[in-house]
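The values are calculated or read from the model by the stated rules, or taken from the named source; none is laboratory data. These figures come from a predicted structure and were not determined experimentally. Glycine also receives a Cβ, built like all others from the backbone with ideal geometry; neighbour counts cover every protein chain displayed. Only protein heavy atoms, including side chains, enter the accessible area calculation; ligands, DNA and RNA are left aside. Shrake-Rupley method; radii C 1.70, N 1.55, O 1.52, S 1.80 Å.
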Number of protein chains: 2
Amino acid sequence: MSLTNASPADAARAAKSASHVLATLSAEARNDALTAIHAGLTAARDEILAANARDLELARQAAADGKLSASLVSRLDLGKTGKWEDMLKGILDVRDLEDPVGRVTLRTKLDDGLELERVTCPIGVLLIIFEARPEVIANIAALAVKSGNAAILKGGKESTESFVAISTAISNALSQTQVPNDAIQLVTTRESIPQLLALDRDIDLVIPRGSNELVRYIKENTKIPVLGHADGLCSIYLTASADAKLAADVVVDAKTSYPAACNSVETLLVQESALTTVFPAVASALAAKGVELRCDATSKAAALSSEITTNIKDATPEDYDTEFLSLTLAVKTVPDLSAAIAHINTHGSHHTEAILTADQAEAERFMSAVDASGAYWNASTRFADGMRYGFGTEVGISTNKIHSRGPVGLEGLMIYKYKIRGQGHVSAVYGEGEGKKRFKHERLAI
Amino acid sequence: MSLTNASPADAARAAKSASHVLATLSAEARNDALTAIHAGLTAARDEILAANARDLELARQAAADGKLSASLVSRLDLGKTGKWEDMLKGILDVRDLEDPVGRVTLRTKLDDGLELERVTCPIGVLLIIFEARPEVIANIAALAVKSGNAAILKGGKESTESFVAISTAISNALSQTQVPNDAIQLVTTRESIPQLLALDRDIDLVIPRGSNELVRYIKENTKIPVLGHADGLCSIYLTASADAKLAADVVVDAKTSYPAACNSVETLLVQESALTTVFPAVASALAAKGVELRCDATSKAAALSSEITTNIKDATPEDYDTEFLSLTLAVKTVPDLSAAIAHINTHGSHHTEAILTADQAEAERFMSAVDASGAYWNASTRFADGMRYGFGTEVGISTNKIHSRGPVGLEGLMIYKYKIRGQGHVSAVYGEGEGKKRFKHERLAI
């Protein structure tokens, strides 16, 4: 890793060159580099925590002056119980994942002695832009090395000292390995972001990790593909056939277990015929947890007639397009499944949607029709997470329509190439006409 | 299909709504629609060919006035031997391909009664912008219906009458099927292109089929992902261990079998030690086919001393960045494999690169190190083609670094979603702490 003073264009060009070397390293060489990073960070623990303490001191001062939020200060703190250990363990976890490079996904015999093979390979150069959490740098460096991608890292200014200390340790560690020094680069100046976002020739993928505002800014200011999501406007459709206790448990979990998470529910769609049967139990459970319900007229009437009176407000049209990220839930009555699907496909953010029903056919229709990366039946939207899916690690959650969708693990950092091994084969002899050869196109075992 | 007079924004919104219905249709319903399209076009043969004749008449006039190229006029002609039949056969070929929708690619038991499934689904709405060839409309409509994607089609103005006749036939055919009318829309006005390219909320993928200039214009003027390639700057690296006849055959095929194709070779890299051994046979075979060689000083000297004197010119630096698309080949001497790889990764367009060598280890290193969608050993770059790869059909050739790369078949029009089927599972009970449940993460058979 290098802490670069080079121009963004030079840094990106150097990263691209390094990516071509990194892409050819064996799994062993890449895993050895992760072992070295782990050892280097372990040895540099005291310096890094001291640097982090200096960042924290400035941040606490800024928070006291009202210039920074307390939650940001909290995210900065590498000394919090378990955080340092988790960061180090994460590197070894990534090392021990199956190698994503060089997997053969298709083999075809085109003709005698002429074989086509599709094999996974790294994408090239990643640009990671993230905010306060300094442990992300180690996590991303590990993912990049494991997947054979070069990475340019740009962290938030509040954690500059921590970043520099961590990157120095990683850089020293990598210099003992086969990973080229320019493969992981740290950029510290904020002014470099627009310049980096313009380098679509040398940077292949941008991964923002931070606020909705950060992601939206990046998506609007680059032609490089962006992997991530700006919004997480998840909905749950509550049908009349749902079990009331099951429904109350799932909606409460989806709304209250971590309201600021992107996979928390923001809109509850209630089937009209469920208003007086299942809905009151759900509304009552939410009220007991202090959730404010922004209701349309019919759902409000249903709540009030069930004597749920606290925290019931009238919904505005904007509420159905709002990611509250707090203990607030928009509630809307819909006549049937089609109306629920239409609402989600118009107002949703393609993140995660759930249906609560006892009817399997209805659930399957919902799951196939909603235009989202996650479609769940009788389960909380909060399961949308790389760790929970069993991916071992998560680069982020994507609401894109191409490449990678939903929680993205190492696979999302890979592309493929086609290799052909021949014996001097030429194309002109193949064709449909007389005297022409035909392709065999035999699918071979992988 | 509708021939739309709606605004581009309304057309895209209607296509998006239709895509949500199309995505839920069974394979049978989509295949039935393809059968209906085939029958409808067959019945409308005379009207369509008459419309095409009117387009041709205007185009021939424009060509006579020097306003259109003769090759464009030729591409317009649906009456050319076999073209109509190929177009119709193509629809049935697409119908008979394996269904790309709903394939399960991952199944994990998260916990008892809680299963995760990853399943392929359509991307949504495609925007296809193409130039003269009117048969493309039938081909793309077939691919869109088969893959469950809605499509907005924008053709070149020279073939408007043909497009309208074909789309009317397809529209009448689809009205008898479950495919919504708005799923395939034809836009005829050129002014609509910039407006369509701005609709990144409703359009998910742009596929340009036409000249480099068209593709470049589109890539530079939209935030929607573009699947395609502007340039095809393919190289072949000729090593000293290559068999001379094999090398001559492959390079001649790669340069001369269809010089205007994107997969034709444009740069020949010659290992220094091959200059006086293998290279003269290759240069001589190329000269015999009328290929002009743009040589650096050392390769020029080698050619001249082998008494190849016709069509040898001095290369300029620009020649190594030029897609000639004609019987012209840039030739450059490189000391070794690393230099060849570095040249390709600097000057190439990530399309298709080949090495000619008897050394397997060298070939494997080349194939893993070149940053291209195709990397070949002892085979012509001209094999880079969906039909030749056995994909049955081809949407285009992509030089992108994410999603789809190389010849793109139906698979490139698909994404996936995650489905979870639970029994009221909530997330808050899982975790690392005491009393928390652990995920099982058992990989299930697909």
| query | Any residue in segment A:237-256 that is open to solvent by less than 40 Å² (accessible area, probe 1.4 Å), part of a strand (DSSP E or B) and modelled with pLDDT of 95 or more? | reply | yes
The residue from B:Gly82, B:Gly102, B:Gly124 that alone is over 22 Å from the mean Cα position of the chain (by Cα) and within 30 Å of B:Ala9 (Cα to Cα) is B:Gly102
*Examine segment B:209-225 for a residue that is within 14 Å of another protein chain (Cβ to nearest Cβ), within 31 Å of the chain's Cα centre (by Cα), within 22 Å of B:Ala315 (Cα to Cα) and hydroxyl-bearing (Ser, Thr, Tyr), and state whether such a residue exists.*
no
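Does A:Asn31 satisfy being under 27 Å from the mean Cα position of the chain (by Cα), under 16 Å from A:Gln176 (Cα atoms) and more than 14 Å from every other protein chain (Cβ to nearest Cβ)?
Taking the combined requirement at face value, the residue satisfies it.
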Inside segment A:372-384, the number of residues satisfying the requirement of being in contact with an Asp or Glu (Cβ under 7 Å, 6 or more places away or on another chain) and open to solvent by 30 Å² or more (accessible area, probe 1.4 Å) is 0
Residue hits (segment B:68-95; open to solvent by less than 40 Å² (accessible area, probe 1.4 Å) and of a type in the set (D, E, K, R)) are B:Asp77, B:Lys83
Next item on the list: Kindly establish whether B:Leu72 is in a helix (DSSP H, G or I), over 20 Å from B:Ile170 (Cβ atoms), more than 14 Å from chain A (Cβ to nearest Cβ) and in contact (Cβ under 8 Å) with a residue 24 or more places away in the chain.
Entry: yes
Among strands (runs of 3 or more DSSP E) completely within segment A:328-406, the ones holding 1 or more residues that are away from every other protein chain (no Cβ under 11 Å) and among the basic types (Lys, Arg) are A:328-334
Checked pairs for segment A:208-230, first open to solvent by 40 Å² or more (accessible area, probe 1.4 Å), second acidic (Asp, Glu), C-beta under 6 Å and 6 or more apart or across chains, list as A:Gly210/A:Glu131; A:Lys223/A:Asp200
Flag for A:Ser284 being polar (S, T, N, Q), surrounded by fewer than 20 Cβ atoms within 10 Å (Cβ to Cβ) and within 19 Å of A:Leu327 (Cβ to Cβ) = yes
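So that you can scan it fast, the table gives a plain yes or no per residue for (1) of a type outside the set (Val, Ile, Thr); (2) open to solvent by 20 Å² or more (accessible area, probe 1.4 Å); (3) touching a residue at least 60 places away in the same chain (Cβ under 8 Å):
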| site | (1), (2), (3) |
| --- | --- |
| B:Leu327 | yes, yes, yes |
| B:Lys332 | yes, yes, yes |
| B:Leu337 | yes, no, yes |
| B:Thr352 | no, no, yes |
| B:Val370 | no, no, no |
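Select from segment A:52-67 the residues that are part of a helix (DSSP H, G or I) and small (Gly, Ala, Ser) and write down the one among them that is least open to solvent (accessible area, probe 1.4 Å).
Step by step, filter segment A:52-67, then rank; the result is A:Ala59.
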Of those in segment B:96-106 that are of a type outside the set (Gly, Ala, Ser) and in a loop (DSSP other than H, G, I, E, B), the residue least open to solvent (accessible area, probe 1.4 Å) is B:Pro100
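Yes/no per residue for (1) over 14 Å from B:Ala248 (Cα atoms); (2) not in a helix (DSSP H, G or I); (3) not assigned by TED's automatic domain parsing to the domain that holds B:Asn345:
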{"position": "B:Pro280", "(1), (2), (3)": "no, no, no"}
{"position": "B:Arg294", "(1), (2), (3)": "yes, yes, no"}
{"position": "B:Thr298", "(1), (2), (3)": "yes, no, no"}
{"position": "B:Ala302", "(1), (2), (3)": "yes, no, no"}
{"position": "B:Glu307", "(1), (2), (3)": "yes, yes, no"}
{"position": "B:Thr310", "(1), (2), (3)": "yes, yes, no"}
{"position": "B:Lys313", "(1), (2), (3)": "yes, yes, no"}
{"position": "B:Asp319", "(1), (2), (3)": "yes, no, no"}
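Would you point out the residue of segment B:138-179, among those that are open to solvent by 30 Å² or more (accessible area, probe 1.4 Å) and in a helix (DSSP H, G or I), that is farthest from B:Gly396 (Cα to Cα)?
Filtering segment B:138-179 for residues that are open to solvent by 30 Å² or more (accessible area, probe 1.4 Å) and in a helix (DSSP H, G or I), the one farthest from B:Gly396 (Cα to Cα) comes out as B:Asn172.
Conditions (1) closer than 19 Å to B:Thr393 by Cβ; (2) out of contact with any Gly (no Cβ under 7 Å at 6 or more places or on another chain), marked per residue:
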residue	(1), (2)
B:Ala29	no, yes
B:Asn52	no, no
B:Ala63	no, yes
B:Leu68	no, yes
B:Leu88	yes, yes
Quick check on segment A:121-137. Is at least one of its residues part of a helix (DSSP H, G or I) and either open to solvent by less than 20 Å² (accessible area, probe 1.4 Å) or not acidic (Asp, Glu) (or both)? yes
- Boolean, A:Arg421 is within 7 Å of another protein chain (Cβ to nearest Cβ) and surrounded by fewer than 24 Cβ atoms within 10 Å (Cβ to Cβ): yes
*Is one or more of the residues making up segment A:427-441 within 24 Å of B:Val125 (Cβ to Cβ), open to solvent by less than 20 Å² (accessible area, probe 1.4 Å) and within 10 Å of another protein chain (Cβ to nearest Cβ)?*
no
Do we have any residue at all in segment A:210-228 that's outside any helix (DSSP H, G or I), farther than 30 Å from B:Ser349 by Cβ, not basic (Lys, Arg) and not assigned by TED's automatic domain parsing to the domain that holds A:Thr357? yes
Checked segment A:107-120 for anything within 10 Å of chain B (Cβ to nearest Cβ) and open to solvent by 20 Å² or more (accessible area, probe 1.4 Å); matches are A:Lys109, A:Gly113, A:Glu115, A:Glu117, A:Arg118
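Residues checked against (1) assigned by TED's automatic domain parsing to the domain that holds A:Glu28; (2) over 28 Å from A:Ser71 (Cβ atoms); (3) within 25 Å of the chain's Cα centre (by Cα):
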{"site": "A:Ile166", "(1), (2), (3)": "yes, no, yes"}
{"site": "A:Leu174", "(1), (2), (3)": "yes, yes, no"}
{"site": "A:Val187", "(1), (2), (3)": "yes, no, yes"}
{"site": "A:Pro194", "(1), (2), (3)": "yes, no, yes"}
{"site": "A:Ala198", "(1), (2), (3)": "yes, yes, yes"}
{"site": "A:Asp202", "(1), (2), (3)": "yes, yes, yes"}
For this session: Answer with yes or no whether B:Glu292 is away from chain A (no Cβ under 12 Å), modelled with pLDDT of 95 or more and in contact with a Cys (Cβ under 9 Å, 6 or more places away or on another chain).
Result: no
